[in-house]
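See structure below.
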Amino acid sequence: MKVYETRDLRNVALIGHGGSGKTSLAEAMLYDAGMTTRLGRVEEGNTVMDFEEEEKERRGSITSGIGFLEWAKCKINLIDTPGDANFVADGRNCLYAVDSVLLVADAEDGIRVQAEKMARAAEELGLTRVAYISKLDRERGAFETAMKALTDLFGNKAVPVFLPIGTKDAFHGVVDLLRGKAFLFDGEGKGTFQETEIPAEMTEQVAEARERLVEAASESDDELIEKYLENGELSPEELEVGLKKAIAQGSLIPVLCGSAPKNVGIRPMLDFLAAYLPAPHGERKGTNPDTGEEISRKFDDTEPFSALVFKTIVDEIGRFSVFRVISGAAIPDTTVLNPERRTDERLGQLFHLLGKERRKIEKASAGDIVAVARLKETITGDTLCDKKSPIRYPRIPVPPAIISFAVRPRSKADQDKISASLRKLMEEDTALRYERDEQTGEFLLSGMGQGHIEIVAKRLERKFKVGIELAAPKVAYLETIKGTADKRYRHKKQTGGAGQFGECAIKIEPNRGAGFEFVNNIVGGVIPGQYIPSVEKGVRDQMKKGVLAGYPVVDVKVTLYDGKSHPVDSKDIAFQLAGRKAMKEALLAAKPTLLEPIMEMEVVVPEEFMG
């Protein structure tokens, strides 16, 4: 395959709420670029980007689909991220591999919660943002609805570059405000169009929209704004410079529009993305793994090699690590360092991904996105780098799990395979957890929502032939105290040989919200210093099993204030036992009580729905 230089790369993540049309848009882009021979449709289950059986079944993405296309001599790497809250963690990982996001705004329902969250995440990472209004051919589809939602989200930064021609079933083209032309499509899904003059009935609307666009572009540069104020217009070259600068600064978020199922407006949109989205540029900061010193690498082939692994794919062929080259170039059959694991990794054959299809390449330039098979220890979030010039990039944050289910095997055979199979799924899914609850003894499967866990169970059965049952976990109660108590205990054991002696006096009191606290108030050496930790260990041992129902004890302050020792018979075990027994008696006397788990929840409601 052709080797693309860094300046010719465009890395774009499609973001938006579930059902907004991201996958359909990606399919139309691939089709118009000649990467596929038919226009994939979500409802028919034949898309390139959603190839997992569960995605076909539910008609929605559960993992990020990766593809690429060539347009106007540029390679556009596309990442189609999930919009369902159950699977959005995978999409967030992918934001670390791109320079730009294309936010898909629904012309029927506007911007919904996951779209807002991903847009904010993109802004925090400094990514270039472009918006695309989908579903203009639908019965309830309205350009104005989506524009209002975009303005509510971005303010006056959201500025149309395309305007729709026609509405609902009659939507059949777009006006490109930059070129001052209309593009009328055949409506048969082939993406063919005629370039014409702007319809007369849209002249006034187009003039107003173009004026707003030119004004927004001019504000990116002092010289341009002076020219605009003097002349009331910018030349095409000046407009291009101003627009690129404003988009890069984030002061302008261009709004495009179209219909992916009807293949209307996709080709002009690809023209815009190739021309106005940034190539990989600047530098990425990291640390020297040997010294901890902050260092950086530029997106440049002449720099030492480095890359960030942002995704792992495990299928019937094997395990693939997907990474973005940050600096230098990735070349097959080379040895690199994983500084996180302190181990060498061999880069074998490299691939560009097109859904589940893999196309061999001989080199990947800085900024490109590629996959490699069979890395020994590398996982998502790891850095790969030149052994002679090591660097470690910050790890991709892992979201906390928000729901857990107890896992029970359907059979003994399933039980033997559960752990190994789930480990493979966890390599792909960084939001998934599988661990034993120390308190209840149950094995818990935790993730981002009930839908997430249910899909994991289906994938276990399909990919690994492992059947599991999901159940509500046992309630993990805790114990604490509501009162105070003062207890003394003497442990004395004499059997004719070496004896055991230890005595301690403790006071316990509630310590709600502050956890366990042990205070040593021994004076005068009544308990030798080496035995103070022994008393504390005995106290802690007793707290593992409360006096009401055997649940762990929390939020207690224990003060050790007196005791006695024996010059011969005192030893570590004696004071441990004394501490444990004193703590047990104190707990019984201090009004022990059960604690039930509670969850804190923050609800965010748009202002228009308040009241």
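Can you tell me which residue among K157, K181, K168 is basic (K, R) and more than 22 Å from L277 (Cα to Cα)?
Details: K157 fails: more than 22 Å from L277 (Cα to Cα); K181 fails: more than 22 Å from L277 (Cα to Cα).
From the options K157, K181, K168, the qualifying one is K168.
Looking only at the stretch 111-133, which residues are out of contact with any Cys (no Cβ under 8 Å at 6 or more places or on another chain) and assigned to a strand (DSSP E or B)?
T128, R129, V130, A131
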Restricting to the stretch 496-533, what's the tally of residues that are exposed (fewer than 14 other Cβ atoms within 10 Å of the Cβ), farther than 20 Å from K591 by Cβ and hydrophobic (A, V, I, L, M, F, W, C)? 3
So, first residue modelled with pLDDT of 95 or more in the stretch 1-26, second residue aromatic (F, W, Y), Cβ within less than 7 Å, six or more apart or across chains; the pairs are T6/F299; L25/Y132
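Rundown of residues vs (1) crowded, with 17+ Cβ neighbours inside 10 Å; (2) within 45 Å of the chain's Cα centre (by Cα), yes/no style:
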position: G538; (1), (2): yes, yes
position: G550; (1), (2): no, yes
position: Q576; (1), (2): yes, no
position: V605; (1), (2): no, yes
Checked against (1) over 25 Å from V12 (Cα atoms); (2) among the aliphatic types (A, V, I, L, M); (3) assigned to a helix (DSSP H, G or I), A182 satisfies every condition except (3)
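Hey, among A420, A431, which residue is modelled with pLDDT of 95 or more, under 16 Å from V314 (Cα atoms) and not in a strand (DSSP E or B)?
Values: A420 fails: modelled with pLDDT of 95 or more.
Unique residue meeting the criteria: A431.
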Restricting to the stretch 510-522, name every residue that is part of a strand (DSSP E or B) and not hydrophobic (A, V, I, L, M, F, W, C). P510, E517, N520
Give just the number: which of (1) in contact (Cβ under 8 Å) with a residue 40 or more places away in the chain; (2) of a type in the set (V, I, T); (3) in contact with a helix residue (DSSP H, G or I) (Cβ under 9 Å, 6 or more places away or on another chain) does I198 not satisfy? (1)
Could you list, in sequence order, all residues of the stretch 402-444 that are closer than 30 Å to E602 by Cβ, touching a Pro at 6+ places or on another chain (Cβ under 9 Å), β-branched (V, I, T) and surrounded by 16 or more Cβ atoms within 10 Å (Cβ to Cβ)? T430
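Name the one entry in V130, V101, V88, V113 that is more than 19 Å from S61 (Cα to Cα) and in contact (Cβ under 8 Å) with a residue 60 or more places away in the chain.
Values: V101 fails: more than 19 Å from S61 (Cα to Cα); V88 fails: more than 19 Å from S61 (Cα to Cα); V113 fails: more than 19 Å from S61 (Cα to Cα).
From the options V130, V101, V88, V113, the qualifying one is V130.
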Residue list for the stretch 25-35, filter: crowded, with 24+ Cβ neighbours inside 10 Å and over 18 Å from K356 (Cβ atoms): L25, A28
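Counting only residues that are basic (K, R), in contact (Cβ under 8 Å) with a residue 40 or more places away in the chain and either touching a Pro at 6+ places or on another chain (Cβ under 8 Å) or within 12 Å of Y531 (Cβ to Cβ) (or both), how many does the stretch 543-600 have?
So in the stretch 543-600, the residues basic (K, R) come out as 544-545, 557, 564, 571, 580-581, 584, 591.
Keeping just the survivors that are in contact (Cβ under 8 Å) with a residue 40 or more places away in the chain gives 557, 564, 571, 580-581, 584, 591.
Those left that are additionally either touching a Pro at 6+ places or on another chain (Cβ under 8 Å) or within 12 Å of Y531 (Cβ to Cβ) (or both): 557, 564, 571.
Number of matching residues: 3.
Only strands (runs of 3 or more DSSP E) wholly contained in the stretch 314-413 count here; list those with 2 or more residues that are of a type in the set (F, W, Y) and in contact (Cβ under 8 Å) with a residue 24 or more places away in the chain.
Numbers: elements: 319-327, 334-338, 343-347, 350-354, 357-361, 369-373, 383-385, 403-409.
Per the criteria, 319-327.
Does Q439 count as modelled with pLDDT under 95, under 29 Å from V554 (Cα atoms) and not assigned by TED's automatic domain parsing to the domain that holds V314? Lay out the reasoning, then the answer.
Values: modelled with pLDDT under 95: yes; under 29 Å from V554 (Cα atoms): yes; not assigned by TED's automatic domain parsing to the domain that holds V314: yes.
Yes.
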Sort through L163, L213, L224 and tell me the only one that's part of a helix (DSSP H, G or I), in contact with a strand residue (DSSP E or B) (Cβ under 8 Å, 6 or more places away or on another chain) and modelled with pLDDT of 90 or more. L213
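Would you kindly identify the strands (runs of 3 or more DSSP E) lying entirely within the stretch 435-509 that contain at least 2 residues that are under 40 Å from the mean Cα position of the chain (by Cα)?
Numbers: elements: 443-447, 468-471, 478-481, 485-493.
Per the criteria, 443-447, 468-471, 478-481.
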Within the stretch 36-56, count every residue that is among the hydrophobic types (A, V, I, L, M, F, W, C), surrounded by 19 or more Cβ atoms within 10 Å (Cβ to Cβ) and touching a Gly at 6+ places or on another chain (Cβ under 7 Å). 3
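Could you please find all residues in the stretch 178-201 being more than 24 Å from G40 (Cα to Cα) and out of contact with any Phe, Trp or Tyr (no Cβ under 7 Å at 6 or more places or on another chain)? Walk me through it before giving the result.
As a first pass, look at the stretch 178-201 and keep what is more than 24 Å from G40 (Cα to Cα): 178-182, 195-201.
Correct list: L178, R179, G180, K181, A182, T196, E197, I198, P199, A200, E201.
The values are calculated or read from the model by the stated rules, or taken from the named source; none is laboratory data. Source: prediction; values computed, not measured. Counting neighbours? That spans all protein chains shown, and the Cβs are built from the backbone with ideal geometry, glycine included.
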